[in-house]
Ligand SMILES: [Zn+2]
């Protein structure tokens, strides 16, 4: 059978599951300018061309840490309930136009609040209400993942997590969309044991667990993260490619990898797209999804990632359908929402 090449339009129309999209890496450039103006925020420059350079990454950077630094300019505009609600709504809208039918958005309250006059309640309400607005306007299902950045004091994150759980268990509309917990950044500089209490607290309160590991770090770091946290999913995890036993473990224990090819290229976590391990891991049977990570910051959209998968990894329509259909059960959203997505977008009928 001829393996048909999909056009951009056909790729856009494919029903997609996206698990790994950072709110603060997905702020439209016009929105950054607009909020800076309305909130009187100093971004260090008024020149749009220079600001674009400060908030966008288009060529591979020195390393992951250099990339993480570019978040700080965008972080400034997550400055109030209104701006956070708007940015969240636009994330849902962008996801819809990428063909996403099941979207999980993630954000770190301690990072957003840092050095600013915005509290955890405003942040949580802004995100939850932005998701509500997005789901009112567009037919997709959205979950919310709380990130604990390892570079910050775990005590601050405990307060953020407790605030999030308060909303999850309240009557606040769509508060129950808070369904996941993630650890991000600074993997090499921190002791895994410093975060096990937070992870257990999150799991005990019904949150699904994902962890950034094995992005720019080794397969051993992934092993350590698996034993410390027993996550349901892994952010990136591409370095398991170096360890056949670990690949087998991930397959046997059904641990899902959230993979973002172009992000891995820009952070130099892979030497080239041609050497990206996604096609190898997928063909071995590792559960994977295709994700945009920080689409606006990296000047891409999710369709761009699928184009890479098609052109560089030789994945085709049947692969995309299988990857997305198989991803649904790894969602942190409840089973009735997963069933709804399967029935409406992935039934073979
Ligand atoms: Zn990430």
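The values are calculated or read from the model by the stated rules, or taken from the named source; none is laboratory data. The structure displayed is predicted, hence computed values, not measured ones. Every residue, glycine as well, gets a Cβ built from its backbone with ideal geometry; the counts of neighbours run over all protein chains shown.
Filter the range 318-333 down to the residues that are in contact with a helix residue (DSSP H, G or I) (Cβ under 8 Å, 6 or more places away or on another chain) and over 18 Å from residue 284 (Cα atoms), then identify the one that is surrounded by the fewest Cβ atoms within 10 Å (Cβ to Cβ).
By that ranking, first place goes to 329.
Do you know which of the residues in the range 260-271 that are free of Cβ contacts under 8 Å to residues at least 60 places away in the same chain and within 20 Å of residue 291 (Cβ to Cβ) is farthest from the ligand (Cβ to nearest atom)? Outline the logic, then answer.
In the first step, residues of the range 260-271 are kept if they are free of Cβ contacts under 8 Å to residues at least 60 places away in the same chain; the result is 261-264, 270-271.
Still in the running and within 20 Å of residue 291 (Cβ to Cβ): 261-264, 270.
On the way: 261: 13, 262: 13, 263: 7, 264: 10, 270: 15 Å.
Once the filter is applied, the top-ranked residue is 270.
Of everything in the range 108-158, what is touching a residue at least 60 places away in the same chain (Cβ under 8 Å), assigned to a helix (DSSP H, G or I) and touching a strand residue (DSSP E or B) at 6+ places or on another chain (Cβ under 8 Å)? Give them in sequence order.
111, 127 - these are the residues of the range 108-158 that are touching a residue at least 60 places away in the same chain (Cβ under 8 Å), assigned to a helix (DSSP H, G or I) and touching a strand residue (DSSP E or B) at 6+ places or on another chain (Cβ under 8 Å).
Do any strands (runs of 3 or more DSSP E) lying entirely in the range 175-251 carry at least 2 residues that are more than 13 Å from the ligand (Cβ to nearest atom), and which ones are they?
Counting at least 2 such residues, we get 178-184, 208-213.
Might you check whether a residue that is part of a strand (DSSP E or B) and under 17 Å from residue 302 (Cβ atoms) occurs anywhere in the range 27-36? Give the steps one after another, and end with the answer.
Just the residues of the range 27-36 that are part of a strand (DSSP E or B), to begin with: none.
Within the range 27-36, not a single residue is part of a strand (DSSP E or B) and under 17 Å from residue 302 (Cβ atoms).
Kindly provide the set of residues from the range 225-244 that are surrounded by fewer than 18 Cβ atoms within 10 Å (Cβ to Cβ) and touching a helix residue (DSSP H, G or I) at 6+ places or on another chain (Cβ under 7 Å), ordered by number. Spell out the reasoning first.
Within the range 225-244, the first condition is being surrounded by fewer than 18 Cβ atoms within 10 Å (Cβ to Cβ), and the residues that meet it are 227, 230, 242-244.
Of everything in the range 225-244, those that are surrounded by fewer than 18 Cβ atoms within 10 Å (Cβ to Cβ) and touching a helix residue (DSSP H, G or I) at 6+ places or on another chain (Cβ under 7 Å) turn out to be 242, 243.
So, of the residues in the range 70-102 that are in a helix (DSSP H, G or I) and at pLDDT below 95, which turns out to be farthest from the chain's Cα centre (by Cα)? Walk me through how you get there before you give the answer.
Residues of the range 70-102 that are in a helix (DSSP H, G or I), as a first pass: 71-75, 81-97.
After this cut, where a residue has to be at pLDDT below 95 as well, the list is 71-75.
Numbers: 71: 14, 72: 17, 73: 19, 74: 16, 75: 16 Å.
Top of the filtered list is 73.
Would you call residue 306 within 30 Å of residue 56 (Cα to Cα) and either away from the ligand (no atom under 16 Å from the Cβ) or at pLDDT 95 or above (or both)?
Working: within 30 Å of residue 56 (Cα to Cα): yes; either away from the ligand (no atom under 16 Å from the Cβ) or at pLDDT 95 or above (or both): yes.
Considered against the rule, which asks whether it is within 30 Å of residue 56 (Cα to Cα) and either away from the ligand (no atom under 16 Å from the Cβ) or at pLDDT 95 or above (or both), residue 306 comes out as yes.
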